[in-house]
Amino acid sequence: MNTSQKRGAGGWKQLACKGLTAAYMAACFCFIFAPVAVLVLFSFQDGRLPVPPFHGPTLHWYAQALANDRLLSAMGHSFLVGAGSAFLSVVLGFLAAYGLARYRFRGQTLVRSILVLPMAVSYLIVGMGLLVMASWLNIAPSLWLVCISHVVINMPLAFAICSAQFNPAQVRMEMAAGDLGASLPRVLLQITVPMMAPALSAAFILCFTLSWDEFLTAFLLSRFDITLPVAIWGLLRGGLNPQTNAIGSMVFFGAAALALGAEYLMFRKKSS
Amino acid sequence: MNKMRRPSRRESLPGLLFASPALLWLVAFFAAPLLAMVAVSLRDGTTGQYGIGNFVQVFTEKAYTDALFNSLTLTAVVTLASLVLAYPLAYSIASLRSARMQRLALTFAVLPFWTSYVVRSYAWLLVLAPTGPLNSVLLAIGLIHTPLRLAYSTTATEIGFVHFFIMLDTLTIYASLVQINPRLALAARDLGASALRTFLSVTLPLSLPGIAVGAFLTIVLCIGDYVTPQILGGMRAIVLPQTVMMQIQKHLDLPMASAMSLVLTVVMALAYLTLYRFLKTGEPGR
């Protein structure tokens with residue numbers, strides 16, 4: 001009887017513990033999702049202000065956002081900068097990761113730490129540095145500079161993702177191809193790149209998403225042609241506006257879909 | 001002869017060759033700009049003479065010391081609050097039964113990462129507005145009688161930051177919690193340690209790397225951020241990145257802005273050096 005009583009008390013304690021855990025998790029998820037929920041809900045607001053009370057659904061603000069030339073051209077710029085910088089980041093990061101994974105050489109640790117260094121520095125510093133250099137060399141702010149800064153920011157990430165996915169088993173395949181007479185570029189393009197395709201596409205998607213969303217260097221380094229976050233920043237000066245909700249919601253759903261896709265690619269690779 | 005490389009062969013050239021495009025890119029567009037920034041920061045904006053005048057100004061003029069102080073306190077508050085709130089969340093997720101549930105919970109816990117960075121702060125502005133959802137709910141349940149003035153304050157900035165860094169810290173802490181061998185905690189319990197004691201002397205120390213990584217990322221991203229304080233803070237307690245941007249936009253004073261950015265970099269380097277030893281400890285079995 002004594003033992004059963006004890007077990008009963010322990011059971012209650014465990015149950016209370018579980019309840020507390022669940023309540024805490026629920027509270028955290030509420031906090032985490034609050035801004036997204038409010039953003040999306042009031043993008044459908046039938047009225048001028050994206051705050052309660054909710055007047056019922058309309059797609060008016062989406063139509064307005066999609067008819068806004070400034071936003072659309074900014075979206076185009078963001079797409080170009082994102083795709084260009086992500087491509088360059090992945091190519092440079094992949095080559096560097098390949099060199100470090102397949103060869104041993106003196107100073108390897110140093111090279112590795114230099115390659116990931118920009119990750120430890122805030123975007124403000126990267127943007128400021130390029131701005132100072134550009135004004136020194138009399139180069140006008142442009143999307144090219146934004147693209148360059150995004151490669152500086154994202155290439156270390158692409159390098160890290162590729163590095164993590166290289167393994168010794170792949171070396172045997174590359175050696176076999178080499179023994180059969182394939183040249184080094186051919187081995188890289190026809191053996192290594194296909195083997196690394198999941199990591200490469202995941203890296204590309206991540207770099208693209210981060211570039212697409214990057215504000216600070218894009219703000220510092222562009223003037224007339226602006227990217228989407230800078231255009232949204234401009235909208236914010238007009239105060240609370242459901243149109244900002246609409247464009248924000250669209251960007252969120254697009255980016256979340258891309259991110260989930262990238263995660264799926266990486267996860268599938270790991271489990272295979 | 002087989003011309004393919006084996007990992008063990010010691011040749012520096014090909015390895016470096018493959019890494020050189022990336023290295024050159026960083027030298028040209030990261031290292032050189034930083035050096036240019038150092039050079040410019042040593043120049044006086046009006047007279048053009050070289051000296052440490054700008055740095056002296058950063059540490060003596062009240063507007064700048066205030067901004068530095070605000071930056072440091074904001075970062076400290078945000079880092080601590082995010083860790084304290086994220087740890088139980090990461091722990092709860094890590095103790096979910098099935099791996100699939102854990103993955104799902106984690107994916108959802110970081111989903112709002114993908115709201116646009118500028119839009120995320122704007123969304124908090126909506127939530128915290130005087131007529132916003134938070135005030136409506138609090139008024140409706142009778143917890144308050146007049147709307148809280150939360151938007152455009154340092155508190156709003158802190159909430160916006162903590163929201164972002166809870167997600168980040170949950171990721172890093174979860175990653176180190178799942179690497180801990182569960183047998184260690186079981187062994188501690190078998191040897192008579194209470195649940196609390198087991199947590200404090202086994203689980204918590206072993207999860208320090210995740211805490212350190214989270215703290216480091218929080219410090220770097222928080223102290224260098226301009227958008228969140230600018231949108232949510234309402235120009236009340238101005239932080240260093242805001243003064244940097246003001247120097248650039250209003251006064252076109254790149255030397256002063258460079259000097260302040262370098263001070264920020266030094267703060268980040270100090271944070272890295274402080275946290276570095278934690279990043280490598282806590283491997284299972286030590």
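In the protein assembly as shown, the inverse of the mean reciprocal separation of distinct Cα atoms equals 25.8 Å; this is its Kirkwood hydrodynamic radius. Across the stretch A:145-272 the C-alpha pair distances fall into 5 Å bins from zero in the proportions 2, 9, 15, 15, 15, 13, 10, 8, 6, 4, 2, 1, 0, 0 percent.
Computed over the stretch A:64-271, relative contact order equals 34 percent, with contacts defined as Cα pairs under 8 Å that lie 6+ residues apart.
Over the stretch A:57-151, the Kirkwood radius and the radius of gyration, each from Cα atoms, give a ratio Rg/Rh of 1.15. With R₀ set to 30 Å, the beta-carbon distance separating A:F33 from A:S73 gives a calculated FRET efficiency near 0.40.
Gain on full extension, evaluated as 0.36 nm per residue between A:F87 and A:T109 minus their Cα-Cα distance, stands at 5.4 nm. Could you compute how fast the stretch B:62-280 diffuses translationally, taking Rh as the Kirkwood radius over C-alpha pairs and applying Stokes-Einstein at 4 °C with viscosity 1.567 mPa s? Give it in µm² per second. My calculation gives 67 µm²/s for D. For A:E263 and A:S183, a Förster radius of 45 Å and the Cβ-Cβ distance give a FRET efficiency of 0.80, rounded to the nearest 0.05.
Would you calculate, for chain B, the mean residue ellipticity at 222 nm contributed by helices, counting each DSSP H stretch of 4 or more residues as -39,500 (n - 2.57) and dividing by all residues, to the nearest 500?
-21500 deg cm²/dmol
A full extension of the chain between B:L13 and B:R149 corresponds to an added length of 42.7 nm, given 0.36 nm per residue minus the alpha carbon distance.
For peptide A:17-30, the mean count of partner chain Cβ atoms within 10 Å of a residue's Cβ comes to 3. Using 1/(1 + (r/R0)^6) with R0 = 51 angstrom and r between the beta carbons of B:L72 and A:A176, what's the FRET efficiency to the nearest 0.05? Here the calculated transfer efficiency is 0.35. For A:S142, put the label point 7 Å out on the Cα→Cβ axis and report which residues of the stretch A:71-88 keep their amide N under 17 Å from it. Taking a point 7 Å out along Cα→Cβ of A:S142, the residues of the stretch A:71-88 whose backbone N falls under 17 Å are A:77-78, A:80-82, A:84-85. In chain A, the C-alpha radius of gyration followed by the widest Cα-Cα span (Dmax) gives 24.8, 87 angstrom.
The stretch between B:H251 and B:M101, if pulled fully straight at 0.36 nm per residue, gains 48.7 nm over its current Cα-Cα span.
A simple spin-label model places pseudo-atoms 7 Å from Cα toward Cβ; at B:A28 and B:L80 they are separated by 4.7 nm.
FYI, it's all coordinate maths here, none of it is from the lab. Keep in mind the model is a prediction, meaning the values are calculated, not measured. Glycine gets a Cβ as well: all are built from the backbone with ideal geometry, and neighbour counts include every protein chain shown.
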